[in-house]
Amino acid sequence: MSTDSIGIFDSGVGGLGVLSEVRERLSEADLVYVADQAFAPYGERDLASVRKRAFAIAAYLLDAGSTTIVVACNSASAAALHELRKRFPNVQFVGMEPAVKPAVDATRRGTIGVLATEATFQGALFASVVDRHANGIAVVPRACPGLAAAIEDGTDPGELIDRYTADLLDEGADTIVLGCTHYSFVADRIRRAVGDGVHVIDPAPAVALQVERVRAGRDAGGTGSTLYVTTGQPERFEDQIQRLTGIRRPAVGVAIGT
Ligand code: DGL
């Protein structure tokens, strides 16, 4: 096992979008992906319990040889990114924050919408992003209960997407930020719901660019391996990977923390 791998984690399948963007940029990197499916969804839990999971998974990834950890989950970033950096000062963390800054640059009417989980909106990170970047632009948050779970389970998310995006359109949003990594997998459906005049921003490519920057050429000697780990059922995770990416990959099941 590599002792200089990039660990990537999420509550479930959402971070797979980030994983594939990272793979595009760093073909030789050794990647370890953890889906914390025994505790998914994170977005409807309280921040303290999500933080506890983030610490347990970070410790697992460090033991597994990761030297950079990508928190490919807005909810976990909201709950724990700041504390993870404090607890593990020698580890590089790359986290997710809602892409308010590019949305503020893109809006023409001065109103942007953010689709994310309850947990993401509760964290201090969201308030700080708005504080730093809104710059007089109206930022409308829309929590999306059930949407990440529908994507996880493969049930039809159409009705939820129509309802949540309609609220943002009613508020006059002309730019919508995907503030949960799961939503990347339904970005096309969201674009269809809001129509051509509304710009939808998926931050996954920008996060992968940031991973490439912090790795600064360290992956040239890697083997290009990807290890898929779940705290849930490996076969179910393999089915989900196949459904969402078109390719079946072997996954291993582990117990992490309590
Ligand atoms: N993918 C996650 C996020 O970015 C969490 C979804 C969930 O588990 O509720 O927020």
- prompt: Toward the positive end of the charge dipole of the chain, about the Cα centre and with charges on Cβ (Lys, Arg +1; Asp, Glu -1), which of Thr117, Ile176, Gly221 goes farthest?
  reply: Gly221
Whole-Hz ³J(HN,Hα) from phi, Karplus 6.51 cos²θ - 1.76 cosθ + 1.60, for segment 63-71, glycine and proline x: 4, 7, x, 6, 10, 10, 10, 9, 7
field: With DNA, RNA and ligands ignored, accessible area of Glu171 (1.4 Å probe; Å², nearest 10)
entry: 110
Coarse-grained scattering of the chain at q = 0.11 Å⁻¹, given as base-10 log I(q)/I(0) from a Debye sum over alpha-carbon atoms: -0.55
statement: For segment 1-65, Rg(Cα) over 2.2 N^0.38 Å is 1.17
message: Please list, in order along segment 111-128, the HN-Hα scalar couplings obtained from phi with the Karplus expression 6.51 cos²θ - 1.76 cosθ + 1.60 (θ = phi - 60°), rounded to whole Hz, x for Gly and Pro.
response: 9, 10, x, 10, 9, 7, 8, 3, 4, 4, 6, 6, x, 5, 4, 5, 4, 6
- request: Let me have the 222 nm mean residue ellipticity of the chain computed from DSSP H runs of 4+ only, each contributing -39500 (n - 2.57), with the sum over all residues rounded to the nearest 500.
  value: -13500 deg cm²/dmol
query: So for Thr258, Thr67, Thr117, what's the accessible-area order with a 1.4 Å probe, most first?
result: Thr258, Thr67, Thr117
task: Choose one answer from Arg51, Arg243, Arg215: the residue with the largest mean-square fluctuation in a GNM of the chain with alpha-carbon springs under 10 Å.
output: Arg243
- request: Scan around Thr68 for amide H atoms under 5 Å from its own, H built in the peptide plane at 1.01 Å from N, and keep only partners 5 or more places away or cross-chain.
  value: Gly7
- request: With all protein chains present, calculate the accessible area of Arg87 using a 1.4 Å probe and round the result to the nearest 10 Å².
  value: 140
message: If you count only protein heavy atoms and use a 1.4 Å probe, how large is the accessible surface of His199, to the nearest 10 Å²?
response: 90
- line: Spelling it out for His199: with amide H atoms placed in the peptide plane at 1.01 Å from N, the residues 5 or more places away or on another chain with amide H under 5 Å from its amide H are Thr175, Ile176
field: Under Karplus coefficients 6.51, -1.76 and 1.60, residue-wise ³J(HN,Hα) of segment 79-93 in Hz, glycine/proline x
entry: 7, 9, 4, 4, 5, 4, 5, 6, 6, 10, x, 8, 9, 7, 10
Most to least packed among 3-13, 217-227, 123-133 [average Cβ atoms within 10 Å]: 3-13, 123-133, 217-227
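The values are calculated or read from the model by the stated rules, or taken from the named source; none is laboratory data. If you're wondering where the values come from, they're calculated on a predicted model, not measured in any experiment. Ideal geometry is used to build each Cβ from the backbone, glycine not excepted, and the neighbour counts take in all protein chains shown. Accessible surface areas use protein heavy atoms only, side chains included; no ligands, DNA or RNA. Shrake-Rupley method; radii C 1.70, N 1.55, O 1.52, S 1.80 Å.
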